[in-house]
């Protein structure tokens with residue numbers, strides 16, 4: 001009996017080992033094919049971007065900040081708060097490309113990273129368990145990730161915060177991912193869940209990622225003078241990194257406008273995903289809540305955080321902060337589509353009975369393929385910026401029309417930032433002094449004007465009329481209106497303008 005039992009055990013082990021080897025081979029082959037598809041998505045998306053990319057600086061689709069970002073990257077300077085060091089450092093790499101002008105190269109950078117996000121999003125969804133992203137599973141209490149994985153998660157969080165502070169909206173989702181399986185916080189010294197060791201590793205990685213902010217004082221010391229004031233003191237650095245200039249916009253939307261924004265939000269989502277896509281999102285959300293509750297709640301937290309911030313941030317372009325919300329909805333959309341295809345496979349006997357199997361499968365495949373392409377082509381004219389040169393067409397002639405040493409008062413961000421780009425980066429009329437009316441009330445900006453233009457008198461009250469009166473004898477002064485009209489100011493017209 002011992003020999004027979006031993007032989008049986010050996011055979012069983014051999015069978016299990018062989019099954020494991022075949023399963024691993026299939027898994028590797030599946031992941032390889034998924035990687036190929038992800039690369040194809042990256043290439044296809046990049047091709048569409050390349051065909052529609054703006055040839056230079058553009059104001060379209062909320063691109064008013066482009067001039068400031070390009071100017072800072074080209075001069076190794078610091079853009080508007082909080083400084084975007086991750087973006088600027090990456091931009092320096094793309095500025096070395098021998099194609100187009102500086103603005104076009106950073107347009108290309110945006111296209112590359114957006115295309116990469118498309119491929120990575122696909123790979124994240126298909127390699128997860130029915131929509132549960134693999135990294136969420138690794139950081140959660142279900143398995144024991146290696147320290148370097150947790151360190152990488154923290155580093156990516158820090159680098160993301162170096163690109164934009166709203167990346168911090170992902171923190172609640174990350175904390176929920178570290179919750180234990182019982183739904184209770186598992187804050188202890190070691191082990192799974194929210195252990196102190198794992199938290200410490202992530203915090204360490206985050207601090208390493210946040211080290212990109214060390215670029216700001218270095219740039220202030222060795223790079224070009226920042227339009228947003230010198231960073232020569234710890235207080236000035238904190239003011240820049242904390243984006244104190246924009247704190248007044250937080251949660252300051254009037255109640256009537258807030259209600260209008262809340263009402264418009266589902267309409268925007270419906271326009272983005274179309275009615276049948278919204279149905280797939282709801283189906284995916286329901287299935288995800290049943291099968292992967294923590295992952296679903298993490299995505300909901302991310303989406304609601306982004307949506308809440310966007311609707312309560314009192315600027316006209318706050319809709320740009322809805323991107324994490326669209327990302328979370330896209331995750332549920334992917335789960336819903338996958339559930340629909342799985343249901344199609346399970347119903348094959350019914351299709352066989354009515355001889356509909358091949359037709360239904362073909363219809364499903366065509367639907368999945370045609371819907372994204374139809375959406376792309378429907379929006380192609382609005383998204384095609386390949387001939388858009390509005391900023392150059394308007395700003396360059398204005399600069400060329402001004403007399404030598406003119407002082408030009410600009411009233412909008414997009415005009416001011418575009419003028420910075422053309423004067424400082426493209427070298428168009430470097431003698432023109434560009435002053436933003438709205439920024440005159442910001443003390444660091446007035447410091448910059450004093451440092452950058454030695455002959456310019458900058459009154460401490462931050463009023464445009466005071467600036468005009470103090471410099472009227474030194475330079476011809478012009479005002480640029482929001483509609484692009486240029487008016488020469490005199491003592492009688494200064495107050496009116």
Original post:
Which condition does residue 290 not pass, out of (1) at pLDDT 90 or above; (2) touching a helix residue (DSSP H, G or I) at 6+ places or on another chain (Cβ under 9 Å), if it passes all the others?
Top reply: (1)
Original post:
Looking at residue 83, is it closer than 30 Å to residue 246 by Cβ, buried (at least 19 other Cβ atoms within 10 Å of the Cβ) and either out of contact with any helix residue (DSSP H, G or I) (no Cβ under 6 Å at 6 or more places or on another chain) or modelled with pLDDT under 95 (or both)?
Top reply: yes
**OP:** Among the residues of segment 86-103, count how many are on the phi > 0 side of the Ramachandran plot and either buried (at least 19 other Cβ atoms within 10 Å of the Cβ) or in a helix (DSSP H, G or I) (or both).
**Re:** 0
**OP:** Run down 284, 223 and say which single residue is buried (at least 16 other Cβ atoms within 10 Å of the Cβ) and at pLDDT below 90.
**Re:** 223
Original post:
Among the strands (runs of 3 or more DSSP E) confined wholly to segment 411-497, which include 1 or more residues that are more than 26 Å from residue 230 (Cβ to Cβ)?
Top reply: 477-480, 486-488
**OP:** Select, from 106, 152, 156, the only residue that is at pLDDT 95 or above, outside the structural domain of residue 332 (by TED's automatic domain parsing) and either within 27 Å of residue 235 (Cα to Cα) or not in a loop (DSSP other than H, G, I, E, B) (or both).
**Re:** 106
**OP:** Find the residue count for segment 238-256, including only residues that are within 13 Å of residue 81 (Cβ to Cβ) and loosely packed, with under 12 Cβ neighbours inside 10 Å.
**Re:** 3
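Conditions tested, residue by residue: (1) surrounded by fewer than 17 Cβ atoms within 10 Å (Cβ to Cβ); (2) modelled with pLDDT of 90 or more; (3) farther than 27 Å from residue 272 by Cβ.
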{"residue": "364", "(1), (2), (3)": "yes, no, no"}
{"residue": "373", "(1), (2), (3)": "yes, no, no"}
{"residue": "385", "(1), (2), (3)": "no, yes, no"}
{"residue": "392", "(1), (2), (3)": "no, yes, yes"}
{"residue": "404", "(1), (2), (3)": "yes, yes, yes"}
{"residue": "414", "(1), (2), (3)": "no, yes, no"}
{"residue": "422", "(1), (2), (3)": "no, yes, yes"}
{"residue": "429", "(1), (2), (3)": "no, yes, yes"}
**OP:** Please work out which one of (1) buried (at least 19 other Cβ atoms within 10 Å of the Cβ); (2) over 25 Å from residue 83 (Cβ atoms) is the condition residue 439 fails and give its number.
**Re:** (2)
**OP:** Working only within segment 275-286, note down all residues that are touching a helix residue (DSSP H, G or I) at 6+ places or on another chain (Cβ under 7 Å) and either farther than 12 Å from residue 329 by Cβ or not assigned by TED's automatic domain parsing to the domain that holds residue 319 (or both).
**Re:** 283
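The values are calculated or read from the model by the stated rules, or taken from the named source; none is laboratory data. Here the structure is a predicted model, which is why all the values come from computation and not from measurement. Using ideal geometry, Cβ is built from the backbone for each residue, glycine included, and neighbour counts are taken over all protein chains shown.
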